[in-house]
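Scroll down for the structure; my scribbles are underneath it.
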Amino acid sequence: MLRTARLILACLMFTLSLIPARAQDSIDIVLQLAPRPMPTAVMVESGTRLELYFSSLKQGGLGLLRLAGDGIEVPSLDFLGRERRFFQVEDDAWYALLIVDMNASPGLRQLTVRADRGLEEIGFRRDIRVDSGRFILQEFDLPADRAYLVDRAIEAAEFARLDEITSESGPEPLWDAGGFGLPLESETTSPFGAFRVLNDGVETRHTGWDQRAPNATPVHAMASGRVAFAAPLEIRGDSVVIDHGVGVYTLYAHLSETNVTQGQAVDAGQIIGLSGNSGRSSGPHLHWELIVEGHWLNGLDIVALWLPS
Ligand SMILES: [Zn+2]
């Protein structure tokens, strides 16, 4: 019996090895379509379910909410003093990303969810724990020819410009079933949220992740979407911003070359540019960011998150 099973397995392995590379690629893609995980908490009110897919959130973190039930109309949530809309996924339910600014105070914070169902109004309330992001402190020296970029006014102007660039997102997610991945695989050289002291004086925050990347390393789109910006910025240097819908953007900075233009649709994993050392940078590397509704968040959270599409 065991011998027969082994023989069948051996034949199966042999047959699989004969499948051409392209067919194997499509098998890989199917395997990446992970089913929705179990929620960590469920609340039910008049037949409407609110599901949470996290137990607590860190400063700069994000989590997923799902609202399911018949006839729900334009649900919204209130959290940390901001109102957010849910987005609808056809044949499934309503979803929302719950986001925590990196400067939010740790502690219990109230989440309120409201939805209309016909003439009835449904409401949920729950305390969400916000934990410390455990951000580190780093000191950096910029080369003399770029020291002029250590300037609060230049930094404020760039944030204002990025606020504009990242405020045009549509109401539907543009990512595909694979969700988000890393823009390249390499060692982290500086984490998200670090408190930084530049050139012995100016204090700032690290709004993304830095990864080791020799000059001209290919940089991949973290998810599918549309190019919102592809041009030089003063601090971030040559940059690409991708709009992934529902207020979610990724940004790739200090590039030596950009391969995309504004308005262009991009696929997950597509090469959007090459790493470099442009802007306020002290050596070739990739700096990448996640921006959701004007908040700079920990991009690794969205890579780890199961997302509907
Ligand atoms: Zn950086």
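A single member of L233, L198, L274 is among the hydrophobic types (A, V, I, L, M, F, W, C), in contact with a Ser or Thr (Cβ under 7 Å, 6 or more places away or on another chain) and modelled with pLDDT under 95, and it is L198. List pairs: first in region 208-231 and small (G, A, S), second assigned to a loop (DSSP other than H, G, I, E, B) and within 13 Å of the ligand (Cβ to nearest atom), Cβ under 7 Å, 6+ apart or cross-chain? These pairs meet every condition: G208/F192; A213/P284. When region 236-287 is filtered for residues that are within 16 Å of the ligand (Cβ to nearest atom), touching a residue at least 60 places away in the same chain (Cβ under 8 Å), over 26 Å from F79 (Cα atoms) and within 15 Å of the chain's Cα centre (by Cα), the ones remaining, listed by number, are V241, Y252, H287. Considering (1) touching a Pro at 6+ places or on another chain (Cβ under 7 Å); (2) closer than 23 Å to A177 by Cβ, the lone condition that V260 does not fulfil carries the number (1). For beta carbons closer than 8 Å, sequence separation of 6+ or different chains, a first residue in region 36-54 that is within 22 Å of V100 (Cα to Cα) and a second that is at pLDDT below 95 and among the small types (G, A, S), the qualifying pairs are T40/S55; A41/S55. The set of residues in region 187-217 being surrounded by fewer than 21 Cβ atoms within 10 Å (Cβ to Cβ) and hydrophobic (A, V, I, L, M, F, W, C) consists of A194, F195, V197, L198, V202, A216. Annotation: of all residues in region 288-309 being away from the ligand (no atom under 16 Å from the Cβ) and among the β-branched types (V, I, T), the one that is nearest to P214 (Cα to Cα) is V303. Working carefully through the options R280, R212, find the one that is under 27 Å from Q59 (Cβ atoms) and in contact with a helix residue (DSSP H, G or I) (Cβ under 9 Å, 6 or more places away or on another chain). Checking each option against the conditions leaves just R280. Of the set (1) more than 16 Å from the ligand (Cβ to nearest atom); (2) surrounded by fewer than 19 Cβ atoms within 10 Å (Cβ to Cβ); (3) part of a loop (DSSP other than H, G, I, E, B); (4) among the aliphatic types (A, V, I, L, M), all apply to L182 but (1). If only residues of region 61-113 that are assigned to a loop (DSSP other than H, G, I, E, B) and hydrophobic (A, V, I, L, M, F, W, C) are counted, the one that is farthest from G294 (Cα to Cα) is F86.
Among the residues of region 110-153, the ones that are among the small types (G, A, S) and either crowded, with 17+ Cβ neighbours inside 10 Å or farther than 25 Å from F192 by Cβ (or both) come to 5 in all. Across region 195-216, the qualifying residues are those that are closer than 29 Å to E168 by Cβ and not in a strand (DSSP E or B), and the one among them that is farthest from the ligand (Cβ to nearest atom) is A213. Return the total of residues in region 54-75 being surrounded by 12 or more Cβ atoms within 10 Å (Cβ to Cβ) and over 15 Å from V113 (Cα atoms). Summing the residues that are surrounded by 12 or more Cβ atoms within 10 Å (Cβ to Cβ) and over 15 Å from V113 (Cα atoms) in region 54-75 gives 8.
Out of the residues in region 218-234 meeting the condition of being surrounded by fewer than 24 Cβ atoms within 10 Å (Cβ to Cβ) and within 15 Å of the ligand (Cβ to nearest atom), tell me which one is farthest from A153 (Cα to Cα). By that ranking, first place goes to L233.
The values are calculated or read from the model by the stated rules, or taken from the named source; none is laboratory data. Here the structure is a predicted model, which means the values were calculated and not measured. For neighbour counting, all protein chains shown are included, and Cβ atoms are generated from backbone atoms with ideal geometry for every residue, glycine included.
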